[in-house]
Amino acid sequence: ERIAGFVREFADEVLAVGDLPLNAQERDQLGRDLLQETLGLGPLAPLVLDPAVTDVLVNGPDDIFVERYGQLERSKVRFRDSEHLLRVIERIAARVGRRIDQSSPMADFRLPDGSRVNATIPPVSIDYPTLSIRRFGSRRLRGSDLLRGKSISEPMLHFLQEAVRLRTNMVISGGTGAGKSTLLGALAESIPSDERIVTIEDTAELLLDQPHVVRLESRPVNTEGAGEITIRQLVVNSLRMRPDRILVGEVRSGEALDMLQAMNTGHEGSLTTVHANSPRDAISRLETMVLMSGTELPSRAIREQITSAVQLLVHISRCEDGVRRIESISEITGLESETPLMQEIFRWQRLGRSERRLEGRYVATGIPPQLATKLRERGANLPAGMFQPNTGDLANGNGGRDE
């Protein structure tokens with residue numbers, strides 16, 4: 001803050017001495033630009049401050065893209081040269097205590113506002129330094145926002161909320177930028193406020209309303225090549241913290257085994273996300289990640305772990321029109337021979353395309369989940385007709401755009 005004050009004073013002195021034909025508004029803007037160039041994101045500051053921008057992708061000093069409402073577009077913002085871009089990358093990394101140089105040319109870190117950043121410099125990125133900034137809205141999206149944006153139907157949201165409230169283990173699958181973490185945070189609202197929740201993430205994003213939340217974040221290696229703390233270590237440690245629920249932002253490797261074991265051993269109602277192109281692919285990825293733990297288990301034993309631990313699999317995707325939609329809610333019902341059995345409860349049904357917008361609706365498949373009986377026994381309010389196939393809701397809205 002003191003440095004920022006010095007920069008403002010210097011800018012005022014230069015503008016006072018120089019005979020520049022600038023009005024008061026232009027002088028203020030020049031002072032802000034100088035402050036950003038000295039301490040902040042440089043030319044990227046207006047993009048990061050734009051509430052409509054969800055991703056800033058810098059491929060080089062003259063090649064910058066932004067994502068607005070799910071659509072990529074080229075920005076007019078430019079850096080002077082690659083050295084200018086490199087200085088900005090080094091500065092924002094240094095401000096959060098991370099290092100990036102030729103001996104460590106890749107870095108992941110989080111900005112003070114919660115934005116997630118990945119940076120690469122030569123020799124890893126061959127042509128120019130690159131920077132990818134994943135922004136999050138000024139407030140986290142809630143279930144009501146997903147409904148308003150037509151990312152989910154009311155029966156689907158109600159079913160998922162009741163399932164989370166009554167301690168159903170759930171995996172959310174989807175591709176990059178599909179909205180998995182957003183959905184995870186929205187569903188976590190239904191966790192009762194008297195439960196102890198431990199969240200585990202690579203980059204802390206989840207902000208929950210409950211009063212009893214412990215947030216854990218992994219850590220990369222330091223400049224000496226030591227000090228790494230992995231997601232798997234945090235999952236194992238969380239079991240000693242007396243959690244009622246464990247929320248893992250994303251499983252990517254051997255921590256999948258520890259997460260499944262936690263779900264199977266008294267931590268019902270835990271939630272996590274996984275990268276996958278479909279619900280069936282999500283089960284295959286979980287199996288592959290369990291093998292990455294180094295534990296020699298036969299395929300059948302792994303699949304038994306998965307089908308025993310996970311009751312619901314929710315798949316969300318970003319469609320070609322930029323809208324994020326929950327495409328499927330499936331129940332894992334067991335194992336037949338060595339094949340996990342799944343039945344789809346709700347799905348998004350595509351009906352056609354209108355101009356740049358996909359037309360479709362959310363429908364129930366007509367297959368009542370086995371889970372519904374257990375949930376009703378625990379006090380869930382699940383109307384008898386909510387799983388009938390005629391409960392489709394039209395869904396062609398804005399797909400839960402970040403605000």
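When the Gaussian network model of the chain links Cα atoms closer than 10 Å, the mean-square fluctuations of 347, 376, 110 top out at 376. Take the Cβ atoms of residue 80 and residue 124, set R0 to 25 Å, and the FRET efficiency comes out at 0.65. Computed from backbone phi with θ = phi - 60° and the Karplus coefficients 6.51, -1.76 and 1.60, the 3J(HN,Hα) list for the range 155-160 is x, 5, 5, 4, 5, 5 Hz; x is used for glycine and proline.
Given their separation in residues at 0.36 nm each and the Cα-Cα distance between them, residue 87 and residue 176 gain 29.2 nm when the chain is fully extended.
For the chain, what is the calculated [θ] at 222 nm in deg cm²/dmol (nearest 500), taking -39500 (n - 2.57) for each run of four or more DSSP H residues and dividing by its residue count?
Working: 12 runs with 127 residues, N = 403.
Per the formula, -9500 deg cm²/dmol.
Per-atom-type breakdown for the chain gives carbon and sulfur 49% of the accessible area (1.4 Å probe, protein chains only). The GNM of the chain, with springs linking C-alpha atoms under 10 angstrom apart, assigns the highest mean-square fluctuation among 163, 384, 364 to 384. Between amide H atoms placed 1.01 Å from N, distances below 5 Å from residue 333 occur with 341, 342, 343, all of them 5 or more places distant or on a separate chain. Using a simple spin-label model with pseudo-atoms 7 Å out from Cα toward Cβ, residue 49 and residue 300 lie 6.4 nm apart.
Would you mind classifying the range 290-373 by shape? Square roots of the alpha carbon gyration tensor eigenvalues, ordered a ≥ b ≥ c; an a/c under 1.5 is rounded, otherwise it is prolate if a/b is larger than b/c and oblate if not. Verdict is oblate for the range 290-373. Net length available on complete extension from residue 72 to residue 240 is 56.1 nm, with 0.36 nm assigned per residue and the Cα-Cα distance removed. Rolling a 1.4 Å probe over the protein heavy atoms gives the range 244-403 an accessible area of 44 Å² per residue. The mean sequence distance of close C-alpha pairs (under 8 Å, at least 6 residues apart), as a share of the length of the chain, puts its relative contact order at 14 percent. Ordering 220, 261, 246 by the projection of their Cα atoms onto the charge dipole of the range 200-353, which places +1 on the Cβ of Lys and Arg and -1 on the Cβ of Asp and Glu, puts 246 at the extreme positive end.
The values are calculated or read from the model by the stated rules, or taken from the named source; none is laboratory data. None of these values were measured; they are calculated from a predicted model. All Cβ positions, even for glycine, are placed from backbone atoms using ideal geometry, and neighbour counts span all protein chains on display. Just so you know, the surface numbers come from the protein's heavy atoms only, side chains and all, with ligands and any DNA or RNA stripped out. Shrake-Rupley method; radii C 1.70, N 1.55, O 1.52, S 1.80 Å.
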